[in-house]
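Chemist: There's a structure below that I have some questions on.
Any read-out appearing in this document is the output of simple, stated calculations on the displayed coordinates, not a laboratory observation. Just so it is clear, the structure is predicted and the values come from calculations on it, not from any experiment. Cβ coordinates were reconstructed from backbone atoms using ideal geometry, including for glycine residues, and neighbour counts include every protein chain displayed.
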Amino acid sequence: MRWTQTLAAVIAIPASLLWLTGCAVPALPDLGEVHIDRWATIKAADKDVGEILAAFNRAEESLHEENLDGIMALYSEQYKYHGLTKADLRKTWQELFAHYDHIASTHIFSRIRATASGKNPTAEIVCTGSLWGVSTDTGQRTIIDSWFYETHNMIYEDGAWRIRGHGAEEAPKVLPFGVAPHPFF
């Protein structure tokens, strides 16, 4: 009898804490940084890894400065994802800057695989992250987007690594029910 009471208490205490907090635990903290997970699988030259990290860090700096051109520099001219183009992303980022202040992101890379073949090397980055901002309407810190093990397809273009798309190379234009596109970085 005493064992079952102990077990009930062990289950009840965390459950009541979750109930009290409303399960409102964000997926990732708002770090405003790019990290490589300590267990990450890296199949790329150190130079490529450094340049990929630098590209994402430049984009993060551009977020803090609300520098739209700086953000757009991360995207390839060939960018395509679920029918979205680089021009579409520009409009989306303009809207975000109009409705949010203090935008920041967090990126945790769990796999980096670069292929140096051909005229333009490519890379796949598996990333978990989040995008945050302060709503200009409510003044509240808000999760704008979050992603879990999303693949960023990159290409080395005009002297820098740039995002060409996300997920499968030939992603369908129509997503399955309950799946949202992740066009950010």
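Chemist: Enumerate the calculated ³J(HN,Hα) couplings along segment 83-90 in order (Karplus 6.51 cos²θ - 1.76 cosθ + 1.60, θ = phi - 60°), each rounded to whole Hz, writing x wherever the residue is Gly or Pro.
Modeler: My calculation for segment 83-90 gives x, 7, 10, 4, 4, 5, 5, 4 Hz in order.
Chemist: Turning to a different aspect of this structure: Find out how many positive minus negative residues lie around residue 126, taking Lys and Arg as positive, Asp and Glu as negative, among other residues whose Cβ is under 12 Å from that of residue 126.
Modeler: Details: positive: 43, 111, 113; negative: 37, 124, 150.
For residues surrounding residue 126, the net value is 0.
Chemist: Calculate, for residue 117 and residue 54, the FRET efficiency according to 1/(1 + (r/R0)^6) with r their C-beta to C-beta distance and R0 22 Å; round to the nearest 0.05.
Modeler: 0.50
Chemist: Another question, if that's okay. If you add up the charges near residue 69, with Lys and Arg at +1 and Asp and Glu at -1, over every other residue whose beta carbon is less than 13 angstrom from its beta carbon, what do you get? Each step should come with its number before you reach the end.
Modeler: Values: positive: 58, 86, 90; negative: 61, 65, 66.
So the surrounding residues net to 0.
Chemist: Along Cα→Cβ, 7 Å out, is where each label goes; now give me the distance between the ones at residue 45 and residue 94 in nm to one decimal.
Modeler: Those two pseudo-labels are separated by 3.9 nm.
Chemist: Moving to a separate point now. Could you let me know the centre-to-centre spacing of segment 63-91 and segment 93-153, using Cα atoms, in angstrom?
Modeler: Answer, in whole Å: 11.
Chemist: Near residue 53, within a Cβ-to-Cβ distance under 12 Å, what is the net charge of the other residues, with Lys and Arg +1 and Asp and Glu -1? Numbers along the way, then the final one.
Modeler: Working: positive: 47, 58; negative: 33, 46, 48, 51, 60.
Combined, the nearby Lys, Arg, Asp and Glu give -3.
Chemist: At 10 °C and a viscosity of 1.306 mPa s, what translational diffusion coefficient does Stokes-Einstein give for segment 27-166, taking Rh as the Kirkwood radius over Cα pairs? Give it in µm²/s as a whole number. Please list the in-between numbers first.
Modeler: On the way: Rh = 15.4 Å.
My calculation gives 103 µm²/s for D.
Chemist: Among all the aspartates and glutamates, which ones have a C-alpha under 14 Å from residue 80's C-alpha, if same-chain residues fewer than 8 places away are not counted?
Modeler: 88, 169, 170
Chemist: Another question, then. Once you put a point 7 Å from the Cα of residue 149 and another 7 Å from the Cα of residue 67, both along the Cβ direction, what distance in nm separates them?
Modeler: 3.5
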